[in-house]
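The values are calculated or read from the model by the stated rules, or taken from the named source; none is laboratory data. Every value quoted in this text rests on a predicted model; they were computed, and no experiment measured them. Quick reminder, even Gly has a Cβ in these numbers, built from the backbone with ideal geometry, and neighbours come from all protein chains shown.
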Amino acid sequence: MAEVRIAGLRKRYGSVEAVRGIDLDIADGEFIVLVGASGCGKSTTLRMIAGLEEISDGEIWIGDRLVNELPSKERDIAMVFQDYALYPHMSVYDNISFGLRYRISDRAEIKRRVEQAAEILGLTPLLDRKPRQLSGGQRQRVAMGRAIVRDPLVFLFDEPLSNLDAKLRVQMRTEIKRLHNRVRTTFVHVTHDQVEAMTLADRIVLMRNGEIEQIGTPDEIYSTPKTAYVASFIGAPPMNLIPAIVDRSAKPMVRFGEVSLPLSDALSARAGPDGRKVTVGLRPEHFVTLGPRSGASASLPIKVDVVEPLGSDTLLFFSLAGVEGIARVPPEQAVRQGERMMLEPNLDRIVLFDAETGKAL
Amino acid sequence: MAIAAQGTSAGRTAGRAGGARSWWTLRRRRALFLFVLLAPSLIIFLLYRLIPLGWNIVLSFEHWSLAKPARFAGLYHYEEMFLYDDVFWEALRNTLYFMLSAVAGIVLAIGLAVLVNARIRGRNVYRTIIFMSYPLMVVAVGIIWRWIYDEKTGLINYALRSVGLIDQPIAFLESFSTALLAIMVAAVWQIIGLYMIIIITGMKSIPGHLYEAASIDGANRWQQFYRITLPLLRPSIFLCLMIGIIMSFTSFDLVFVMTNGGPGHATELLITYIYKTAFNVSKLDYAAALTVFTFFMFLILALVINRFSGGEAGQVEISE
């Protein structure tokens, strides 16, 4: 086990800078998830940790060793690839033992380790099969088996669940979590799926355009996003981001056209001067539906455009201040398409972002 | 009663229509359509392959010449071939020896493929240069190499004498010990470009992630080549081997132009011997027996190779 320290890491491809000087300290045994949209630099970062990409600038430390110049095999890492990277001509046993053959000469020890890994991952009956005879989930488990037999300092996962169907993805997600609980080694996992990031990570590193947008626990990232981008990326459905103006003509408020909402004292202190353009962030679950003519002062009049019942809850789509909003309400609440109603937001959960910079206020 | 009769008649009509439909099924129509599409090739195959082969087999059991009517000969020609014909055995030995050029060519082609597949400047130029020998006419290749081997004006003798390695020129194509080897070198030179392209295509179909996984697993370059590249190139290698063996059976023009089977029968292959037997000494019946033997030997070799390749010679797709 080992901590991983990344300092000022950069990757350039000619004139294009894919990773722009990131700093990240990963604790020993921590499960870190690098998440972001395609092209944000998360996979490049992982590949630089693995030694599969040269580092243009910066440092990577694994434990107390600077690994910048070390080849992959000397970094004591194991990696699970998106397309599994199983050797198609070898049996499951040979795939799992491949890495051990270059490290351990004792065949009995290799056999013991492979059988132990196969037992953990439920692969024992499949050891003689070739990869093409396995399902997607089984292949993924073999790839994980190949990693765990090595007992490496760091596990690297490069979008390992992307090729699986939705049901299997959930199942394998749990298996990865279970594996981490069992081995308690440092895990660095790359994904573009925010649900995967939220469910797996001890800490999430959200990347954008080659830079880190925010680092935090899933709860921190979800509840207190540092930027509007983070707010829009994390959460399904994402946070509602409604353009508004700070109005201090009477008591502190934010105004969306004809409608306004009062600001708490804490938010008012950060909201800035009268007339400032802001973006109001509200999670879909932070609304309560009221009748069509509610007398509540902090409520928004809406017309429901679309109703999406999900079983566990119902999503209501509406327009507000020219943008589409979503509210998540309990399923027992019977709402019809086209219905007019008042939505009462939880004012304590409002997040304000500067309209120009997108940074949280 | 009338109504009942009417009903029965209508039922019969419907039954007949239903019967016609069930016979003329979509599957049958598709089969017919495929057969119509394949028919031209099948007819050509029948006319120029199967019928001559059948006729050859019949002819090999007969005494036959252009001047006399055919007589049944039983195993006479085969007996002569296996028991009394030394030239046949020499041609067979040379043909099998010539097959080794396929192995040598494949080994060289793998080396070249690895080199020109590396990230080097101008690799496409190198590939093109190496491949350029393949589309040349075999007769042209034979003439080029006759000049290269020439005792007086040849490039090799000139080079060897220039660096002082030899005093007397070597008659490569006139010597019993070097003539066959010299032709094999020319054959490899011509075919190596094709082998290389087949091997490169096989290499390109190996996913790069396998090498990345192997390097993380601790395998060095040689171990990656030996444990991943070579096993995954098996279909390509067997395809090359099959092509090489076909060539060793059909390299008539190269031998004909370079040595015409000589000196003596030192470069005689089965194919040149068949030709000479049929058209130089007009023993068409005996040539037919030689052809039948060659055909079945080649068939068995092809089946063995295909079995060793797992029935996937030429396959480039990696089942992942």
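Below is a table of values for the structure above.
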quantity: Residues of the range A:98-109 satisfying the condition of being in contact with a Lys or Arg (Cβ under 8 Å, 6 or more places away or on another chain) and either closer than 16 Å to A:L123 by Cα or not aliphatic (A, V, I, L, M) (or both); calculated: A:F98, A:G99, A:Y102, A:R103
quantity: One residue from B:I144, B:I110, B:I129 being of a type in the set (V, I, T), under 21 Å from the mean Cα position of the chain (by Cα) and over 28 Å from B:F295 (Cβ atoms); calculated: B:I110
quantity: Qualifying residue in the range A:291-298 (condition: touching a residue at least 12 places away in the same chain (Cβ under 8 Å), within 16 Å of A:P237 (Cβ to Cβ) and either assigned by TED's automatic domain parsing to the domain that holds A:R255 or in contact with a Leu (Cβ under 6 Å, 6 or more places away or on another chain) (or both)); calculated: no
quantity: Residue within the range B:34-42 that is surrounded by 11 or more Cβ atoms within 10 Å (Cβ to Cβ) and either touching a Pro at 6+ places or on another chain (Cβ under 8 Å) or closer than 25 Å to B:T250 by Cα (or both) present; calculated: yes
quantity: Of all residues making up the range A:1-38, the number that are in contact (Cβ under 8 Å) with a residue 60 or more places away in the chain and in a loop (DSSP other than H, G, I, E, B); calculated: 10
quantity: Filter result for A:E339 (more than 27 Å from the chain's Cα centre (by Cα) and not aliphatic (A, V, I, L, M)); calculated: yes
quantity: Out of B:S175, B:S205, sole residue that is in contact (Cβ under 8 Å) with a residue 40 or more places away in the chain, among the hydroxyl-bearing types (S, T, Y) and within 14 Å of chain A (Cβ to nearest Cβ); calculated: B:S205
quantity: Evaluation of B:W89 against (1) under 14 Å from B:A289 (Cβ atoms); (2) at pLDDT 95 or above (one fails), failing number; calculated: (1)
quantity: Residue selected from the range B:208-223 under the condition surrounded by 18 or more Cβ atoms within 10 Å (Cβ to Cβ), under 20 Å from A:Q82 (Cα atoms) and not hydroxyl-bearing (S, T, Y), by the criterion farthest from the other protein chains (Cβ to nearest Cβ); calculated: B:A214
quantity: Qualifying residues in the range B:224-246 (those that are out of contact with any Phe, Trp or Tyr (no Cβ under 7 Å at 6 or more places or on another chain) and at the interface with chain A (Cβ under 9 Å from one of its Cβ atoms)) - the one surrounded by the fewest Cβ atoms within 10 Å (Cβ to Cβ); calculated: B:P231
quantity: Counted residues, the range A:313-338 - those being in a loop (DSSP other than H, G, I, E, B) and touching a residue at least 40 places away in the same chain (Cβ under 8 Å); calculated: 4
quantity: Residue ID - farthest from A:V4 (Cα to Cα), chosen from residues in the range A:151-167 that are under 22 Å from the mean Cα position of the chain (by Cα) and facing chain B (nearest Cβ under 10 Å); calculated: A:D158
quantity: Evaluation of A:R103 against (1) at the interface with chain B (Cβ under 8 Å from one of its Cβ atoms); (2) not in a loop (DSSP other than H, G, I, E, B) (one fails), failing number; calculated: (2)
quantity: Unmet criterion (only one of (1) touching a helix residue (DSSP H, G or I) at 6+ places or on another chain (Cβ under 6 Å); (2) within 23 Å of A:V190 (Cα to Cα); (3) aliphatic (A, V, I, L, M)) for A:L126; calculated: (2)
quantity: B:A5 vs. criteria modelled with pLDDT of 90 or more and over 23 Å from B:V281 (Cα atoms); calculated: no
quantity: A:E59 of a type in the set (D, E, K, R), assigned to a loop (DSSP other than H, G, I, E, B) and either surrounded by fewer than 20 Cβ atoms within 10 Å (Cβ to Cβ) or in contact with a His (Cβ under 8 Å, 6 or more places away or on another chain) (or both); calculated: no
quantity: Residue check, B:A186 within 14 Å of another protein chain (Cβ to nearest Cβ), crowded, with 21+ Cβ neighbours inside 10 Å, out of contact with any Ser or Thr (no Cβ under 9 Å at 6 or more places or on another chain) and modelled with pLDDT of 90 or more; calculated: no
quantity: Residue in the range A:115-126 that is free of Cβ contacts under 8 Å to residues at least 12 places away in the same chain, away from chain B (no Cβ under 14 Å), part of a helix (DSSP H, G or I) and hydrophobic (A, V, I, L, M, F, W, C) present; calculated: no
quantity: Residue selected from the range B:56-70 under the condition at pLDDT 90 or above and of a type outside the set (A, V, I, L, M, F, W, C), by the criterion farthest from B:F293 (Cα to Cα); calculated: B:H63
quantity: Residue tally, condition within 12 Å of another protein chain (Cβ to nearest Cβ) and either crowded, with 20+ Cβ neighbours inside 10 Å or closer than 12 Å to A:S91 by Cα (or both), over the range A:127-150; calculated: 12
quantity: Any hit, the range A:50-64, residues being within 20 Å of the chain's Cα centre (by Cα), of a type in the set (D, E, K, R) and at pLDDT 95 or above; calculated: no
quantity: Residue in the range A:76-97 that is farther than 26 Å from A:R184 by Cβ, away from chain B (no Cβ under 14 Å) and either acidic (D, E) or buried (at least 23 other Cβ atoms within 10 Å of the Cβ) (or both) present; calculated: no
